[in-house]
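Please read the structure below before turning to the comments.
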Amino acid sequence: MSSDRTAGGPQVVVVVGASLAGLLAAAAAAQAGRAVTVLERDELTGNPQPRKGVAQSSQPHVLLHRGLLDATTLLPGLPRALLDAGAVRIDTGTMPWFGPHGWQPSWISSFDVLSLTRPRLEHVVRTLVLGLPGVRVRTGSRVDGLQRDGVGWRVRCADGGSVWGDLVVDASGRGSRMPSWLAALGHPRDEPETVDANLGYASRLYRRPDGAPLPTGIVVQATPEVPRGGLGLPVEDGGWMVLASGYGADRPGRDVDLRQYLATLRDPVLAEVLAGLEPVGKVSLHRQTGNRRHRYGLRRGWPSGLLVVGDALCAFNPLYGQGIAVGAGQARVLRDALGGRRWSSPRVQRRLRRVADFPWSVATGEDLRYLGMTGSASWLRRLSDAWTTEVGFLLMAGDRRAFRTFSRLYHLMGSPLELLHPALVLAAVRRHRRPATAAPPRPAVVASMIVPGPGQAQSSAGRSGPPRARTVSSVSTSAGPSSGR
Ligand SMILES: Cc1cc2nc3c(=O)[nH]c(=O)nc-3n(C[C@H](O)[C@H](O)[C@H](O)COP(=O)(O)OP(=O)(O)OC[C@H]3O[C@@H](n4cnc5c(N)ncnc54)[C@H](O)[C@@H]3O)c2cc1C
């Protein structure tokens, strides 16, 4: 394959897929002054609605703080546009969160997220990106192959049309056909790494009967011992998006009763809140949630003028909320590379892959615990898990540095090396000298969210203490970065 170590780099960009990774890649190329055509197989309407090409459209989506910052460098008007579209600002530090060791402290402020439904988020991003100079989209155009054409590619569509570009960016998601397109071009087949903990999602939108918004979200995490979790998140128009999730045999099925399912979690708080809400629409299931990462760019001979981003390159267990943030980070890498002095597609592809390194280690490290495969982990991994657990205990005891460190890791804002800060080591030594402290009680705001439904007794609605008395040091499960916020 021809090399493309050129000054100036490619000029005409074709992006396959107009979902979040593709749109942000298009914004990146436009910011670097390139002309961009986005090819999308779905017809896109002017309204935010779930669509076939994004099967996860009806599921809750959180945009981690790192993702919001990176996307905002490409689309400076994004936070304002999200708020104008009804996004709800949530302080993820004070949001009630039942982690592996019980209710976490909810008095330490942390990063905000702007919460809204996935179709609304994508619609806002799409409107901003399609308003950028040099960007156009062709809808109803399903790409079915690539062909070399001079220094670039002819991108063929199923309707018989084609588009030329000297850089093609595949952002066509988990279902990307890139492995077979590469094979057709004579490249060895890529065998992706996979870790699939068989997580299942069941979600539904709810509202209060009087339409008043709920003040915050609630998370109840699963553990390997009780592999069922859930969350409720405020979204636009007074909605509360509710998720029930379970691993393996605990995956919610087609006939799931969400309230009954959520009543079986380690704390039944979500079922209690749900009792006072009315469903809007139907329950949506999703089971394509395994972690899968391709090795594109690692072998010699990666084709010039070709890049793969987003879920097409690396898809995660969605529970960690990382996919969009990784797509936004990759878009920044693309913009910087296009604006740089020398261009090399294999090198850029390797950089794109590296954006996913830390999120991948978080998601797969946690999922291996659900698969009962921690025994085969390296000694370094086991040591790091044990230390992370220790810092998790500090978090539960209200240590602000431990809390902020987990928050920074969860939002992809910091480095795992921050876990080794001497102040945390000192705090851990001191903790071992003191008697165990009690886990914090259920946050007070929860009581205001539980409205007795028809026929429901006031007593259960009014409960505000923790369901079981626990001491922080008596729980053995590990606290990964997913237990921060
Ligand atoms: C259940 C679930 C929940 C999730 N929750 C979160 C979350 O909370 N936070 C988060 O950050 N991420 C979350 N994710 C991940 C997130 O949805 C993706 O990372 C994000 O949408 C970016 O994906 P993408 O753009 O690469 O691909 P996708 O969103 O899958 O989009 C692919 C696009 O390519 C188009 N396409 C496909 N094939 C072709 C073709 N041949 N020609 C033309 N167009 C094509 C499709 O129509 C679609 O528009 C979740 C994922 C799932 C499954």
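Values computed for the structure shown
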quantity	calculated
Angle between the chain longest axis and helix 323-339 axis [Cα atoms, degrees, rounded to 10]	40 degrees
Positive minus negative residues near LEU205 (Lys, Arg vs Asp, Glu; Cβ under 13 Å)	+3
Sites matching trypsin sites (Lys or Arg not before Pro) across the range 332-412 that sit in DSSP coil, with at most 16 neighbouring C-beta atoms within 10 Å	ARG341
Within-11-Å neighbourhood charge of ARG351 [Cβ basis; K, R +1; D, E -1]	+3
Residue order, fewest to most surrounding Cβ atoms within 10 angstrom, among MET449, MET373, MET396	MET373, MET449, MET396
Using alpha-carbon coordinates, inclination of helix 400-410 to the longest axis of the chain, degrees	40 degrees
Sequence-distant residues sharing a close amide H with VAL15 (under 5 Å, placed H)	THR37, VAL38, LEU39, VAL169
Estimated Rh, the range 1-76: Kirkwood, alpha-carbon pairs, angstrom	14.6 Å
Amide hydrogen neighbours beyond the local backbone of PHE111, cut-off 5 Å, H modeled	THR92, GLY93
Between 0 and 90°, nearest 10: helix 422-433 axis offset from the chain longest Cα axis	30 degrees
Order by protection proxy (mean Cβ within 10 Å, highest first), peptides 22-29, 82-89, 413-420	22-29, 82-89, 413-420
Cα-Cα pairs of the chain separated by more than 32 Å (percent)	42 percent
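Taken together, the values in this text are just the output of simple stated rules run on the coordinates, not laboratory data. Since this is a predicted model, take the numbers as computed values, not measurements. Quick reminder, even Gly has a Cβ in these numbers, built from the backbone with ideal geometry, and neighbours come from all protein chains shown.
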